[in-house]
Amino acid sequence: MKTGSAFFLSGAMALAAVTFAGTANAADTAPNDVAFNEMQVSESLTGMPGDPAAGADAFKNRKLGNCLACHTTTAMESELFHGNVGPDLDGAGSRWTEAQLRAIVVDAKQVFGPDSRMPGFYSLHVGKNVAEKFHGKTILSAQDVENIVAFLVTLKDE
Amino acid sequence: MKTRLTIISLAGGIALGCFAGLAHADPVDDTLEIDGQPMITRAPAPEGHPFDEVLSGWLFREAETRAVEADSFQNPGMLEVERAAEIWSTPEGTAGKSCETCHGDVSESMKGVGAHYPKWDKDANRPINIELQIDKCRTEQMGAEPYKFDAKDQKAMTALIKNQSLGEPMSVDLSQGDMQSWWDRGKDTYYTRTGQLNLSCSNCHEDSMGNMIRADHLSQGQVNGFPTYRLKQSALVSLHNRFRGCIRDTRAEFPKAFSDELMALEVYVTWRGTGLSVETPAVRQ
């Protein structure tokens, strides 16, 4: 009897862990635990290398990175409407290291200072009155960030 | 029919614009006349303003959109203004009065009025805008219900009254009542970052003015054309609707229309456009 209920309990916990993994992977570094060291984040947030092709998709997707809202890059020339609030990203992979690019995407304010307009895509340092459905959530998942960083690394000078 | 053709050609223009849109990201060097009447689209900024010159949003729009606004026969917003002229003369409420009963000809009694709101309202002990002034007349003089926020007639009547100030430079009187503290509060809101995207009004309309944010050309965010006719929505859009839309886009909860927070913001941003002609109903994409 006692064994039975203990078994049931651990089963329920396992189920809870699986459900949680649907929104944030347990192996991912949590947003508040990301280690910035001299404006760099050296460790992959997922512990794995990102996928540059998936990163290109997340980069242009208006519901994910929507990076084209503010940046131009000739790598995306076939896409309509590039913004120019932020700098052109051609050659970004030559100007910055992977660890620097990761730091900028995770929380640009840690690199460029508090006045930067760039949102922190994997940060919980956000503005006032965040809408309820975004409470405690980051704009991108750790996987999205790693994929976008992998894409940015490919933007080398000719 | 003419309007419809314009909208189709506009959509074509946007599709072709795409990457090349970057080439003309500065405000245009052009002058606006609406039916031949010159509009002030560039004015020296008032003292304490972050810019030297205040610029109408008209200067940031595509040529086709600018052309629609310059011709009131093409401007679909004018159909709503004309419809509101009929509402002006139609009795409503228990007192059996229309706006006209007290105010007579709208083109005479309302000339220049809309250019100087929000105004301090002693009874409410706060500033009120044209929408709330209309509601005050409806409830206190006509025995009618106040309009629901963004009711079609509320937007049309506001546009009618502001349109009687077409060309008149905007200004707000900050010496009335407690207007100065509302201006202060509005300024705080303007510079406060909100939402998951962590952006303030100033991040786009001051720091990034003239840049493109995806397909949109960021203007100074002036309010001299509200309610504006938005081609995308085929409808008039009120100022508080626009405020709420911007705040929502930062992924923040947005305040109620006509709340203290947004009324203070209206006071402040109206001041930021001091000297610009009222262009209501301006035309936007």
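All of the numbers you see were taken from the coordinates with simple rules; none came from a lab. For clarity, every value in this text was computed on a predicted model and none was experimentally measured. Using ideal geometry, Cβ is built from the backbone for each residue, glycine included, and neighbour counts are taken over all protein chains shown.
If we restrict to alpha carbons, what Rg and Dmax does the protein assembly as shown come to, in Å?
Looking at the protein assembly as shown, its Cα Rg and Dmax stand at 25.7, 91 Å.
How high is the relative contact order of the stretch A:30-153, in percent, with contacts defined as C-alpha pairs under 8 Å that are six or more residues apart?
This gives 38 percent for the stretch A:30-153.
Evaluate the relative contact order of chain B (contact order divided by residue number), counting alpha-carbon pairs under 8 angstrom at least 6 apart; express in whole percent.
25 percent
Can you list the residues, at least 5 places off or on another chain, whose amide H is less than 5 Å from the amide H of B:D121, using H built in the peptide plane?
Those lying under 5 Å, H to H, from B:D121 are B:R126, B:I128.
Once you order the gyration tensor axes a ≥ b ≥ c over the Cα atoms, which shape class does the stretch B:206-285 get: rounded for a/c under 1.5, otherwise prolate or oblate by comparing a/b with b/c? Can you show the working numbers first?
Working: a/c = 1.19, a/b = 1.08, b/c = 1.10.
Rounded is the answer for the stretch B:206-285, as its axis ratio a/c remains below 1.5.
Go ahead and set up a Gaussian network model of chain B, Cα springs under 10 Å, then flag whichever of B:F73, B:F258, B:F60 fluctuates most.
Result: B:F73 has the largest fluctuation of those listed.
Quick one: order A:I148, B:I87 by neighbouring beta-carbon count within 10 Å, fewest to most.
Listed from fewest to most nearby Cβ atoms, that is B:I87, A:I148.
What are the ³J(HN,Hα) couplings of the stretch A:115-126, residue after residue, when phi is run through the Karplus curve with 6.51, -1.76, 1.60 and θ = phi - 60°? Round to Hz, x for glycine and proline.
So the J values, rounded to whole Hz, are 7, 4, 7, 5, x, x, 7, 9, 9, 9, 8, 10.
With chain B treated as a Gaussian network of Cα nodes joined by springs under 10 Å, which of B:A115, B:A67, B:A144 yields the largest mean-square fluctuation?
Looking only at B:A115, B:A67, B:A144, the largest GNM fluctuation is found for B:A144.
Taking a cut-off of 26 Å between Cα atoms, list the lysines near A:K137, but don't count ones fewer than 8 places away on the same chain.
Qualifying lysines at Cα under 26 Å: A:K60, A:K63, A:K109, A:K128, B:K256.
Could you line up B:S234, A:S44 from fewest to most neighbouring Cβ atoms inside 10 Å? Don't jump to the answer; show the numbers that get you there.
Values: B:S234 9, A:S44 20.
Lowest to highest Cβ neighbour count: B:S234, A:S44.
Could you compute how fast chain B diffuses translationally, taking Rh as the Kirkwood radius over C-alpha pairs and applying Stokes-Einstein at 25 °C with viscosity 0.890 mPa s? Give it in µm² per second. Spell out each step's value before the answer.
Details: Rh = 19.5 Å.
For these conditions, the coefficient is 126 µm²/s.
Would you calculate a helix-derived [θ] at 222 nm for the protein assembly as shown, using -39,500 (n - 2.57) for each DSSP H run of n ≥ 4 and dividing by the full residue count, to the nearest 500?
-11000 deg cm²/dmol
Above 18 angstrom, tally the Cα pairs of the stretch A:30-153 and express them as a % of all pairs, no decimals. Mind dumping the intermediate values first?
Values: 3798 of 7626 pairs.
Counting every Cα pair in the stretch A:30-153, those more than 18 Å apart make up 50 percent.
For A:F121, B:F149, B:F226, B:F254, what's the fewest-to-most ordering of other Cβ within 10 Å of each Cβ?
Exposure proxy ranking, most exposed first: B:F149, B:F254, A:F121, B:F226.
If you take the charge dipole of the protein assembly as shown about its Cα centre, with +1 on Lys and Arg Cβ and -1 on Asp and Glu Cβ, which of B:P146, B:S208, B:T194 is farthest toward its positive end?
Result: B:P146.
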